[in-house]
Structure formats: structure tokens, C-alpha cells
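The values are calculated or read from the model by the stated rules, or taken from the named source; none is laboratory data. Since we're looking at a predicted model, the values are computed, not measured. Positions of Cβ are backbone-derived with ideal geometry, glycine not excepted, and every protein chain shown enters the neighbour counts.
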Amino acid sequence: MLKKITVLPDKIPPSPEYPFSVPAIASLRELSFKSRVCFFTGENGSGKSTLLEALAAHYGFGREGGNRNFVFSTTDSNRSIDPLVRALRLTFDIRTGAGFFLRAESFFNAASYVDQVGAEFGYGGRSLHERSHGESFLTLLENKFTGNGLFLLDEPEAALSPQRQLSCLALIHHVLRERKGAQFIISTHSPILLAFPEAQILSFDDGQIREIDYKETGPYQIVRTFLSDPDRILRELFREEGNLFDGEIPEKE
């Protein structure tokens with residue numbers, strides 16, 4: 001299990017270059033993991049995916065997803081996190097190198113690499129591109145997120161319906177029950193995924209990383225408020241946006 005992340009002070013750049021220009025990343029010095037399931041949550045741009053990608057790169061996973069055998073790269077933009085990668089120290093019980101990194105943003109590129117090297121047999125027996133986006137995600141989870149190791153997922157809900165998100169929770173539960181050396185760290189906005197029992201939840205909002213309870217998370221609070229009275233929420237939202245149509249559709253000129 002990954003026990004702790006430490007940011008080495010002497011490796012932090014003197015000027016606040018990216019990603020140390022992100023407040024939550026700039027404030028990070030040490031982070032301890034207390035559960036085999038940990039969620040990173042926070043608004044877009046808060047730094048949760050940035051830290052997850054840096055963990056993956058430090059561990060040796062492919063920059064665009066995959067395991068340690070994924071050595072391709074389609075862009076140099078993912079090198080922007082290198083200052084953070086160099087500054088990290090990861091403390092493990094045992095570091096095996098096993099596991100997988102699912103990065104929703106570049107999943108298409110990772111799936112293409114699987115086809116390129118002819119490794120479809122390890123991903124359900126046929127190309128991931130021959131399935132729908134959601135089906136290919138779930139196939140990857142079912143085939144690569146099943147053993148011992150460090151499993152990193154960046155916004156997996158991007159391609160999963162609410163029902164499939166529940167299937168994802170069931171899969172994680174099964175793996176943790178069967179494999180004592182499996183650990184999941186997941187960046188997400190999903191109130192469904194965040195509900196996993198006894199998971200550690202780390203918020204990246206307000207310029208710092210802090211542990212919070214499930215019902216404190218933004219996704220839970222927003223969805224709960226919306227579902228309690230969607231008509232009222234929409235009326236207030238549209239009124240704040242200037243009430244574009246004043247309740248009527250404008251006539252054609």
C-alpha cells in the first residue's frame with residue numbers, strides 16, 4: 001500500500017511555475033493514506049488530476065494511461081507536471097510496480113496503443129475501439145483492475161452511466177475483498193463513486209488538501225440540493241443568468 005506522499009522542499013522550483021502555481025499543490029508537503037480506497041475531489045483546476053498524474057508518472061505508468069509497459073506518447077504537454085514528479089517521494093509498504101492508470105482524457109490514445117502492439121487478448125479479446133465508450137471503460141476495469149497493485153483512475157465517470165458507476169463500485173469492492181494488496185486512488189466528481197464505504201476523501205478546494213466526509217463533498221451537496229427541488233433551482237439559476245427569454249421564446253423577425 002502507498003502510505004505517504006512527501007514533497008521534497010529542495011526540489012520545489014524557486015518560482016511558482018506550473019504545477020506549483022496551483023494553490024492546493026503549492027500547499028502540499030505531506031499526505032498520508034489511511035484507506036485502500038482514496039478519492040481526490042474538487043472543482044476543475046483544483047489540482048486533483050494533476051497530483052494523480054504525477055503519482056502515475058512517478059510510479060512508472062504511461063503518461064497517457066496504462067501500466068509500466070505503456071511507453072508511447074502522443075504529446076509533450078503531459079511533461080508540464082515534471083517539476084512535481086521530481087519533487088515527490090512515495091512511501092510504500094512494498095513497491096511492486098504492479099497496477100494500472102486509467103486516464104479518461106487520453107483513454108482513446110491508450111486503447112490505440114493496445115491495438116498497435118497487438119495486446120487485445122489482455123483486454124477482453126478484441127479492440128477496445130470496437131466497443132462503446134462506456135463498454136470499453138468497463139472492459140478495461142474488468143480485465144486490468146483485478147489483481148494486487150496500485151490502481152489510479154482519473155475521472156472514470158466520464159464514460160460511465162450511473163448504472164455502470166454502480167458496477168464500478170461493485171468491482172472495486174470485489175477486488176479489495178479478494179486481493180489484500182490492491183489499492184485504489186480515484187479523482188472524481190461523481191457523488192455515486194464518492195459514496196464507497198469507509199473510503200478516504202481528500203478535497204482540493206480552497207487552496208489546500210484536506211480530508212472531508214462524504215456529505216461535505218461538493219458533488220453530493222449539489223446533486224442533493226438539485227434533486228430536492230429541480231424546478232426551483234433552475235428558476236433561480238436562469239434568473240441569475242439574466243433570464244434570457246423572460247419566460248417566452250422570442251418571435252422571429
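Quick rundown of the values:
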| quantity | calculated |
| --- | --- |
| Within the stretch 140-158, tally of residues that are in a helix (DSSP H, G or I) and either crowded, with 18+ Cβ neighbours inside 10 Å or among the acidic types (Asp, Glu) (or both) | 6 |
| Residue ID - surrounded by the fewest Cβ atoms within 10 Å (Cβ to Cβ), chosen from residues in the stretch 1-54 that are assigned to a strand (DSSP E or B) and hydrophobic (A, V, I, L, M, F, W, C) | LEU31 |
| Enumeration of residues in the stretch 189-207 that are in a loop (DSSP other than H, G, I, E, B) and either closer than 17 Å to LYS48 by Cβ or among the β-branched types (Val, Ile, Thr) (or both) | HIS189, SER190, PRO191, ILE192, PHE196, ALA199, PHE204 |
| Residue check, ILE186 in contact (Cβ under 8 Å) with a residue 60 or more places away in the chain, outside any loop (DSSP other than H, G, I, E, B) and within 13 Å of the chain's Cα centre (by Cα) | yes |
| So ILE172, is it touching a Cys at 6+ places or on another chain (Cβ under 7 Å), under 21 Å from ARG95 (Cα atoms) and either free of Cβ contacts under 8 Å to residues at least 12 places away in the same chain or crowded, with 19+ Cβ neighbours inside 10 Å (or both) | no |
| Whichever residue in the stretch 121-139 is in contact with an Asp or Glu (Cβ under 9 Å, 6 or more places away or on another chain) and surrounded by 14 or more Cβ atoms within 10 Å (Cβ to Cβ) and, among such residues, is modelled with the highest pLDDT | SER136 |
